[in-house]
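What follows is one structure encoded as structure tokens, with my remarks underneath.
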Amino acid sequence: MELVGKSALEFDLYDGKGKLLYKKGETLSADTLLKLNYINIYRKTEGVAPKPKPVEVYSRPKPLIAEKTGNLLIKGSRGIFDGTFNGEALKYNECAEVSGIILNEVTEKYEKFHSVEQLRVFDEYTYSHNVNVSSISVLLGIKLGLKEPELEELAIGSFLHDIGKMKVPREILNKPAKLEKQEMVIMRSHTFLGYKHIKGTLDLPDRIARIALDHQEKFNGKGYPNGLTGEDINFYARITSIADVYDALVSTRVYKKGMHPHDAIGIILSEENASFSPEFLDKFIRLTQESETRDEEEGL
């Protein structure tokens, strides 16, 4: 998926030593965009580029998740992902606690939300992204009519969808420049590494662990690691992939402004049947439209 129009870079991007990595006007693929969300990259102003403050592109709606709860979710996410990065085994009770809070928050507030943005939390991307992907996945799961046991599975599996990236060597995970061919092979192995780690340490059912394995598969078979097509892709992973890309697009990072949800939806729609399940994508779009309708009806 190529980002076009206003999504083209408006400035050069550098690493921390001032080396030019991406030129002004260049467009970034979805894979590159997702990767850059995990590393330190800068726009140069004077001398070595300082970290600019995030700039909001629109007025965000009032959050439905309380600040205290959001901080608790971020703390849990930080502990789990940092622990994995440092070689610690996943602990089921810690993962279940975070995913349980997410499930409760989304299900309790489902009838109250007016925007998907109200159910997202904001912090360092690595930690907030996993929480947000789980929240959005549960939101879509409810729209799809999933029952509570299925939503529980989706919540924990989507929260851990990127855990394999914590098993990728630091020099590759944190490399701001474009990856060499072999480095890309290693980076893409995060799907299998995550699947293996979840299965090996949490002993969760295969249908849950496969969210990590299949979330980078594309509906048309051009994804990875196995080039699966259509319904051969894990059911939960087809939900998670939409949430994954959406949160990456609307998140503010050092090198980019977070997109307005409308623009993010437009880019996701440009992929349509190529990347996502048409049925699930249709439900996601309807979900966002329904929330806007609530805004209009209540004069918000």
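The values are calculated or read from the model by the stated rules, or taken from the named source; none is laboratory data. Since the structure is predicted, the reported quantities are computational estimates derived from the model, not experimental observations. Note: ideal-geometry Cβ built from the backbone for every residue, glycine included; neighbour counts use all protein chains shown.
Any idea which residue in the range 132-163 is surrounded by the most Cβ atoms within 10 Å (Cβ to Cβ), counting only those that are under 12 Å from Ala212 (Cβ atoms) and not aliphatic (A, V, I, L, M)?
Quick first cut of the range 132-163, residues under 12 Å from Ala212 (Cβ atoms) only: 133, 156-163.
Right, trim to not aliphatic (A, V, I, L, M) and you get 157-159, 161-162.
On the way: Gly157: 28, Ser158: 33, Phe159: 30, His161: 29, Asp162: 23.
Ranking the qualifying residues of the range 132-163, first place goes to Ser158.
With the structure loaded, tell me whether Lys17 is basic (Lys, Arg), at pLDDT below 95 and farther than 30 Å from His262 by Cα or whether it fails that test.
yes
Check the range 219-226 and report whether any residue there is part of a helix (DSSP H, G or I) and either surrounded by fewer than 20 Cβ atoms within 10 Å (Cβ to Cβ) or not acidic (Asp, Glu) (or both). So that I can check it myself, show each step before the final result.
Our first condition is that a residue be part of a helix (DSSP H, G or I); within the range 219-226, this holds for none.
Scanning the range 219-226 turns up no residue that is part of a helix (DSSP H, G or I) and either surrounded by fewer than 20 Cβ atoms within 10 Å (Cβ to Cβ) or not acidic (Asp, Glu) (or both).
State which residue pairs qualify: first residue under 21 Å from Gly145 (Cβ atoms) and inside the range 110-127, second residue crowded, with 18+ Cβ neighbours inside 10 Å and among the aromatic types (Phe, Trp, Tyr) in any location, beta carbons under 8 Å apart, and separation of 6 or more residues or different chains.
Correct list of pairs: Val116/Tyr246; Leu119/Phe113.
Could you grab me the full set of residues in the range 1-14 that are at negative phi, modelled with pLDDT under 65 and surrounded by fewer than 17 Cβ atoms within 10 Å (Cβ to Cβ)?
If the condition is that a residue be at negative phi, modelled with pLDDT under 65 and surrounded by fewer than 17 Cβ atoms within 10 Å (Cβ to Cβ), then Glu2, Val4, Lys6 are the ones that fit.
I'd like the full set of residues that are surrounded by 17 or more Cβ atoms within 10 Å (Cβ to Cβ) and under 19 Å from Arg170 (Cβ atoms), limited to the range 190-205.
Matches in the range 190-205: His190, Thr191, Leu193, Gly194, His197.
Check off (1) out of contact with any Leu (no Cβ under 6 Å at 6 or more places or on another chain); (2) in contact (Cβ under 8 Å) with a residue 24 or more places away in the chain; (3) over 18 Å from Phe81 (Cβ atoms) for Asn226 and give me the number that stays unchecked.
So the condition that Asn226 fails would be (2).
Do we find that Ile233 is modelled with pLDDT of 95 or more and under 17 Å from the mean Cα position of the chain (by Cα) in this structure?
no
Name the single residue that is nearest to Lys19 (Cα to Cα) among those in the range 171-199 being in contact (Cβ under 8 Å) with a residue 40 or more places away in the chain and in a helix (DSSP H, G or I).
The extreme case among them is Leu173.
I need the full set of residues from the range 239-289 which are assigned to a helix (DSSP H, G or I) and of a type in the set (Val, Ile, Thr), in order please.
Across the range 239-289, the qualifying residues are Ile239, Thr240, Ile242, Val245, Val250, Ile265, Ile267, Ile268, Ile285, Thr288.
Report, ordered by the first and then the second residue, all pairs with beta carbons closer than 9 Å, sequence separation of six or more or different chains, a first member in the range 274-300 that is surrounded by fewer than 12 Cβ atoms within 10 Å (Cβ to Cβ), and a second member that is outside any helix (DSSP H, G or I) and modelled with pLDDT of 85 or more.
Here the result reads Pro278/Phe219; Glu279/Leu144, each pair linking the range 274-300 to a residue that is outside any helix (DSSP H, G or I) and modelled with pLDDT of 85 or more.
Kindly indicate which of Ser135, Ser158, Ser99 is part of a helix (DSSP H, G or I), more than 20 Å from Leu281 (Cβ to Cβ) and small (Gly, Ala, Ser).
Among Ser135, Ser158, Ser99, only Ser99 is part of a helix (DSSP H, G or I), more than 20 Å from Leu281 (Cβ to Cβ) and small (Gly, Ala, Ser).
Conditions: (1) within 23 Å of Ile285 (Cβ to Cβ); (2) at pLDDT below 95; (3) outside any helix (DSSP H, G or I). Phe122 meets all but one. Number of the miss?
(1)
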